[in-house]
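Here is the structure we will look at, set down as structure tokens.
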Amino acid sequence: LKESKRAVNSLRDIVDDDDDDDLERVSWSGEPVGSISWSIKETTSSSTSSLEGRDSNLQKGSSSYAAFPKQVSSYSLSSLFKGEGPHVLSYLCLSLSALSDTGVKNYAPELRRPKAEYKDYSSDWSPKDTVRRMQRGKVCSLERFRSLQDKLVLLDEAVAGHDGNVITAVLIFLKRTLRREILFRELEVRQVALCHLIHFLKESGEQKLLLDLLRLCFFFFSLQLSQYREHLNIQDVEKRREFLKGCIGLPFSAEDTSHIQDHYTLLERQIIIEASDRHLEMAGQSEIFQKYPRKASILNMPLVTTLFYSCFYHYTEAEGTFSSPTNLKKTFKIPDKQYVLTALAARAKLRAWDDVDALFTTKNWLGYTKKKAPIGFHRVVEILQRNNAPVQVLQEYVRLVEDVETRLNLATKYKCHDVVIETYRDLKDRIQLTAYKCKVERGSADEEKINSILNNMVRNTY
């Protein structure tokens, strides 16, 4: 610092010397000052030295001294001393301010990081904020998450963010900082993270760890499944219900846990319905139970069987009751196709054709009604015929089949003569009408109808 001040004090004499204006200025490399190659080399060397100084200061931390940084400039020393470059006073202030800075502050201003970047290393980011910054591509240190609880919260936040790269990065950190037994134990109840780790181990070729993980997963899955199957050996329905309630807490996947929850809810619903219906049947208070006695108990039956039972005995009940078909459909999220198929089979078995008609009748916003079937009317016809529906009912639904060939096949198969005759009439097929005339009874109304259509076709031709 003393030598610098001494050099500054002698600057006035150097500036006043104009003798070597005509001399060619040369840099230390021997190239003319101001040329393109000189500017590139000087700028590159200055930037490199600045970067090296920044790296060394980052490693040393705070030190009691700092190296004098090279200034990136396109002027030579001689031009500076002769007053042709920036003002001497400005250069002096810049030099002294650089000498006074220590640590990371001795970078050139254009190389200094934004203050927000230093928060990655100095601020106490929460797991949620850390995951968000990782999703934006920010560099975040995970080493400060030391406790098991913090690491698990970080993993849960990564899974909740639905970013595979972030989940994998967190899993790599956990794999490096946790014991294998602890990591595997925590991943048992985190199926999404477990699948990511398995995929990562496959990609990275860590076969030993992958095999250990798969063996452990298979072991625990077999253990949970065998424990769940124990409900089959429990005869008492109340004890079975309580056992299933305890199985909900087993570390299954989310989908399997949902199935077990539905199983428990269904059994609970069946217990309520069975108790009520047994009482009504024994008391003789319900006409349908007297006309169609129950053949078996509803307990422990599958969901579709329970829905059929409900459509058979409790079809007209309000949605608020547990035995209502619409309540079952809403509670267990039964698809429309499955619901229509089951309800159709139940009401057709009871020969409740008005209920069948209402099942497919829809009304638009203008008040007009039309028939619509999510399962296709060809399947409706098959179910109705299987339940011995009369021809008048069959013909109504055969007419609604859109495909002409399918409609003709069904009408011919189930002897819906009106539909066959009307279809050939619309197709103006005299040959098929004449051939079909031989399949109907002589002197019947169907034969007369065919003759009338054929005669009209002949008149229209002439």
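The values are calculated or read from the model by the stated rules, or taken from the named source; none is laboratory data. From a predicted model like this one, the values you see are computed outputs, not experimental measurements. We place every Cβ from the backbone using ideal geometry, glycine too, and count neighbours over all the protein chains shown. Side chains included, ligands, DNA and RNA excluded: accessible areas come from the protein's heavy atoms. Shrake-Rupley method; radii C 1.70, N 1.55, O 1.52, S 1.80 Å.
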Q: Compute the length gained on full extension between GLU242 and ARG6: take 0.36 nm times their separation in residues and subtract their Cα-Cα distance, giving the result in nm to one decimal.
A: 75.7 nm
**Q.** Inter-label distance, nm, simple model (7 Å from Cα along the C-beta direction), LEU299/LEU148
**A.** 4.3
Q. According to the Kirkwood expression over distinct Cα-Cα pairs, how big is the hydrodynamic radius of the range 127-232, in Å?
A. 14.7
**Q.** Exposure rank, largest accessible area first [TYR397, TYR339, TYR292; 1.4 Å]
**A.** TYR292, TYR339, TYR397
**Q.** P(r) weight above 14 Å for the range 416-461, C-alpha pairs, percent
**A.** 40
Q) Using the Cβ atoms and a cut-off under 12 Å, what net charge is assigned to the surroundings of GLN149, where Lys and Arg are +1 and Asp and Glu are -1? A) -1
Q.
Let me check something: with ligands and nucleic acids excluded, how do CYS247, CYS140 order by accessible area (1.4 Å probe), largest to smallest?
A. CYS140, CYS247
(Q) Using a 1.4 Å probe on the protein heavy atoms only, what accessible surface does GLU448 show? Give it in Å² to the nearest 10. (A) 120
Q: Mind ranking ILE431, ILE234 by accessible surface for me, highest first, 1.4 Å probe?
A: ILE431, ILE234
**Q.** Distance between modelled label sites at LYS138 and LYS291, nm, 7 Å Cα→Cβ extension
**A.** 7.2
Q. Going down the list LYS370/LYS428; LYS295/LYS337; LYS330/LYS415, which pairs span over 31 Å between their C-alpha atoms?
A. LYS330/LYS415
**Q.** Long-range Cα-Cα pairs in the range 235-377 (distance over 21 Å), rounded percent
**A.** 51
Q: Would you mind getting me the FRET efficiency between SER126 and SER276? Use the beta-carbon distance for r and R0 = 56 Å, nearest 0.05.
A: 0.60
**Q.** Whole-Å semi-axes of the range 339-462's equivalent ellipsoid (Cα gyration tensor)
**A.** 31, 17, 12
(Q) For the range 152-217, what does the accessible surface come to per residue with a 1.4 Å probe? Please give it in Å². (A) 54
Q. Quick one: if you stick a label point 7 Å off each Cα along the C-beta vector at VAL189 and ALA345, how many nm between them?
A. 4.0
Q | Cα centroid separation, the range 131-167 to the range 223-277 (Å) | A | 36
Q) Relative to the present Cα-Cα distance, how much length would full extension add between ARG180 and ASN455 at 0.36 nm per residue of separation? A) 90.0 nm
Q: Express in nm, to one decimal, how much length is gained between LEU209 and TYR368 on full extension, taking 0.36 nm for each residue of separation and deducting their alpha carbon distance.
A: 50.7 nm
Q.
Using protein chains only and a probe of 1.4 angstrom, how many square angstrom of ARG425 are accessible, to the nearest 10?
A. 100
Q) How high is the FRET efficiency between ALA283 and GLU255 when r is their beta carbon distance and R₀ equals 51 Å, given to the nearest 0.05? A) 0.75
Q) Hey, what's the range 335-409 come to in accessible area per residue, 1.4 Å probe, Å²? A) 59
**Q.** Nearest-10 value in Å² for the accessible area of TRP125, using the 1.4 Å probe
**A.** 60
